[in-house]
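As structure tokens, the structure follows; a few thoughts come after it.
Just so it is clear, none of the values below were taken in a lab; they were calculated from the coordinates. Since this is a predicted model, take the numbers as computed values, not measurements. A quick note on method: Cβ atoms are made from the backbone with ideal geometry, for glycine too, and the neighbour counts reach across all protein chains shown.
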Amino acid sequence: TDEISKGNLDARVNIETGDELEKLGHHFNTMAQNLARGRDQMEEKIVQATRELSDANRELQTLDKLKSDFLANMSHELRTPLTVVRGGIDYLNRTIKKEDNRNYLEIIDKNLARLIHLVSDLFDFTKIEGRKIEWSFDQVNLSILIEEVVDIISPLSIDKNISINYENPGDVLAELDLERIEQVLVNLIENAIKFSDPATDIQIRMKEDSDYVTVSIKDRGMGISEENLKTIFDKFSTVPSAGVDKPEGTGLGLAICKAIVEGHDGKIWAESVKGGSSTFYFTLLKKRP
């Protein structure tokens, strides 16, 4: 019984007394044999289940790679003709004089630009999923970069009469991938314009300590619910804006921003008051380890 209690189900008793004690020993051995058989069968089932799970996991990984490769190839193939088409529309827009035709071309160009943006998000997403982002770190003056992005984005705020206020703290140097961080800034500022009420302002701030730079972008919109704040950086997560029943976009923009910031050993998060403003923050490591 001591051996059985220790897990040795192969242990047996040998009692030859010809009485009830021998019968008890026989029953004990039968019980131990049944327990051992049950153990062996359970181990076989566990091994089989593990093998099946391993096979299924390999199959899922293969399918996931095929999906990522397909999306990457599709995105790449779409970008080239879309760029060519937009170039042709831009040429026609500059040469056609009839106002009605120009208006139609502007509508086409606007929707084509949106399509190109969606394809670009899809392309970046596939690279993130496949861990194929190629980083190019260099020392960058983040203050100048933010000013340049604000200059690029400002025309988008004219229709809503929104002003973009950036308090430049002076030179702030950090080792970063300029193109990728520009992408983060463009995405966050465009979102701030999109979700802000007309005739309001967007505030951009930056502060630094010995190790990190923190950038904040505050809008003046309807705010984000606590529930949406929990998932806002998840893939395919979208947040409704005022007057819009169905959110636009792929829901990949903020997920891409999160991947880029985390690729810089930083963090990104949002704070908001329902019915009030929302502020997006991200930190960047000033010097690469």
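Which three numbers, in whole Å and largest first, are the semi-axes of the equivalent ellipsoid of the range 138-285 derived from its Cα gyration tensor as √(5λ)? Please report the intermediate quantities before stating the final value.
On the way: eigenvalues 115, 65, 35 Å².
Values for the range 138-285, descending: 24, 18, 13 Å.
At V186 and E129, where each label point lies 7 Å from the Cα along Cα→Cβ, what is the point-to-point distance in nanometres?
For V186 paired with E129, the spin-label model returns 2.2 nm.
Given R₀ = 45 Å, FRET efficiency for D265-D40 by Cβ-Cβ distance, to 0.05?
Details: r = 50 Å, r/R0 = 1.12.
Calculated transfer efficiency: 0.35.
Semi-axes of the equivalent ellipsoid of the range 134-191: what are they in whole Å, largest first, if each equals the square root of 5 times a C-alpha gyration tensor eigenvalue? Please report the intermediate quantities before stating the final value.
Numbers: eigenvalues 106, 39, 9 Å².
Semi-axis lengths for the range 134-191 are 23, 14, 7 Å.
Which net charge results for the neighbourhood of K160, defined as the other residues with beta-carbon distances under 13 angstrom from its beta-carbon, given Lys and Arg at +1 and Asp and Glu at -1? Don't skip to the answer; put the middle values down first.
Values: positive: K194, R220; negative: D159, E190, D197, D201, D219.
Residues near K160 contribute -3 overall.
Run the numbers on the range 138-285 and let me know its relative contact order in percent, using alpha-carbon pairs under 8 Å that are six or more apart. Before the final figure, lay out the partial values.
Values: 272 pairs, mean separation 34.0, N = 148.
It comes to 23 percent, rounded to a whole number.
What distance in nm lies between label points placed 7 Å from Cα along the C-beta direction at S163 and D19?
Distance between the two pseudo-spin positions: 10.7 nm.
May I ask for the net charge around V140, where only other residues with Cβ less than 9 Å from the Cβ of V140 are counted and Lys, Arg are +1 while Asp, Glu are -1? All intermediate terms of the calculation are to be shown ahead of the outcome.
Values: positive: none; negative: D138, E175, D177.
Computed value for this residue: -3.
How would I107, I128 line up from fewest to most surrounding beta-carbon atoms within 10 angstrom? Before the final figure, lay out the partial values.
Details: I107 10, I128 19.
By the 10 Å Cβ count, ascending, the order reads I107, I128.
For a 21 Å ceiling on Cα separation, which of these pairs sit above it: K207/K287; K97/K194; K218/K274; K230/K258; K132/K218? Working shown, then result.
Numbers: K207/K287 15 Å; K97/K194 32 Å; K218/K274 14 Å; K230/K258 13 Å; K132/K218 31 Å.
The answer is K97/K194; K132/K218.
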